[in-house]
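Working notes for the structure below.
The values are calculated or read from the model by the stated rules, or taken from the named source; none is laboratory data. The shown structure was predicted, so the numbers you read here are calculated from the model rather than taken from an experiment. Here Cβ is always computed from backbone atoms with ideal geometry, including for glycine, and neighbour counts include all displayed protein chains. For accessibility, only protein heavy atoms count, side chains too; no ligands or nucleic acids. Shrake-Rupley method; radii C 1.70, N 1.55, O 1.52, S 1.80 Å.
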Amino acid sequence: MRCSWISRVFSLASLGGGCLAAALLFPAIVSGQTTPLPPTQQPVPAQPAANQAHPLDPCLEIAYKGMKHIKEDIKDYTCTLVKRERIDGKLLDAEYMYTKVRQEPFSVYMSFLKPDAVKGREVIYVHGANDGNLLAHEGKGLAARFGMVSLKPNSALAMKDNRYPITELGLYNLTRRLIEVAENDRQFGECEVNMSQAKINGRECTMMQVVHPVPRKNFLFHVARIYVDNELNVPIRYEAYDWPEKQGGQPVLMEEYTYLNLQLNTGLTDADFDSRNPQYNFK
């Protein structure tokens with residue numbers, strides 16, 4: 001599985017952020033669906049033709065196997081998710097969120113840890129529940145007085161200061177989007193793929209880097225790096241860069257997401273995704 005996470009991932013694993021007073025969580029790239037399909041019901045792209053060679057081919061082959069592994073072998077997981085995104089040209093501060101994800105039905109719980117502006121915020125989304133909405137509340141300030149709010153995941157309020165909606169979160173979505181974008185990229189040349197060993201938070205990883213040297217309208221990034229945990233065989237970090245603003249300059253960070261302290265198959269239940277859970281602060 002070490003090659004399986006290459007190419008522009010759209011950082012499905014990320015999400016969170018914004019200020020619920022003016023707007024709340026999760027921007028959308030959703031294609032007009034008011035009730036998005038859960039991850040494991042999303043269509044899988046066709047596999048590459050065997051007679052066409054491309055630097056991404058070995059990674060694509062493993063990505064299909066990785067999607068099968070995630071769907072069949074990983075029921076749920078918890079982690080501290082760290083997100084940093086560039087929104088409207090501005091690189092925002094990193095956000096830390098304790099996160100729970102269940103595959104079926106697709107369910108997410110997030111508790112924001114820092115920075116201080118978002119600390120205490122909680123968000124829940126369960127596919128097929130709450131009229132398709134996410135439930136959220138702020139942890140402090142004037143917005144916290146409104147208590148729990150219910151929002152469409154791709155609504156304007158749920159999209160501020162985020163690149164993707166909560167419905168696009170998770171390892172399965174990450175791999176699916178990886179395949180879609182890599183399949184697009186393999187139609188063109190100018191793609192360099194390199195692998196090396198690295199550590200993320202003390203975890204041994206295989207780092208895969210994809211570079212498009214020349215800006216083209218067909219490519220979504222200049223450099224993408226994916227770090228796959230060698231023991232868990234899942235991606236625990238993704239970062240993507242745009243081309244330098246000036247010739248000879250440094251690549252521009254667009255987004256980065258890191259899964260810290262990832263724990264697989266922890267036995268999450270309905271209570272973990274219920275706003276009435278006494279351990280949560282929804283009101």
Quiz item: Does at least one position in the range 214-224 carry a residue that is farther than 23 Å from R186 by Cβ and aliphatic (A, V, I, L, M)?
Solution: no
Quiz item: From the list R121, R86, which one is under 18 Å from the mean Cα position of the chain (by Cα), touching a residue at least 60 places away in the same chain (Cβ under 8 Å) and within 27 Å of N201 (Cβ to Cβ)?
Solution: R86
Quiz item: How many residues are under 14 Å from A182 (Cα atoms) and exposed (fewer than 14 other Cβ atoms within 10 Å of the Cβ) if we restrict to the range 53-92?
Solution: 1
Quiz prompt | Unique residue being at pLDDT 90 or above, open to solvent by less than 80 Å² (accessible area, probe 1.4 Å) and not aromatic (F, W, Y) when the list is D185, D274, D229 | solution = D274
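Rundown of residues vs (1) over 19 Å from the mean Cα position of the chain (by Cα); (2) farther than 16 Å from L81 by Cα; (3) among the hydroxyl-bearing types (S, T, Y), yes/no style:
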site: E95; (1), (2), (3): no, no, no
site: F112; (1), (2), (3): no, no, no
site: V126; (1), (2), (3): no, yes, no
site: N130; (1), (2), (3): yes, yes, no
site: L134; (1), (2), (3): no, yes, no
site: R145; (1), (2), (3): yes, yes, no
site: M159; (1), (2), (3): no, yes, no
site: I166; (1), (2), (3): no, no, no
site: L171; (1), (2), (3): no, no, no
Quiz item: Going by the structure shown, is Q197 polar (S, T, N, Q), farther than 30 Å from I124 by Cα, surrounded by fewer than 19 Cβ atoms within 10 Å (Cβ to Cβ) and in contact with a Pro (Cβ under 9 Å, 6 or more places away or on another chain)?
Solution: no
Quiz item: If you go through the range 118-174, how many residues are assigned to a helix (DSSP H, G or I), open to solvent by 10 Å² or more (accessible area, probe 1.4 Å) and farther than 28 Å from L253 by Cα?
Solution: 6
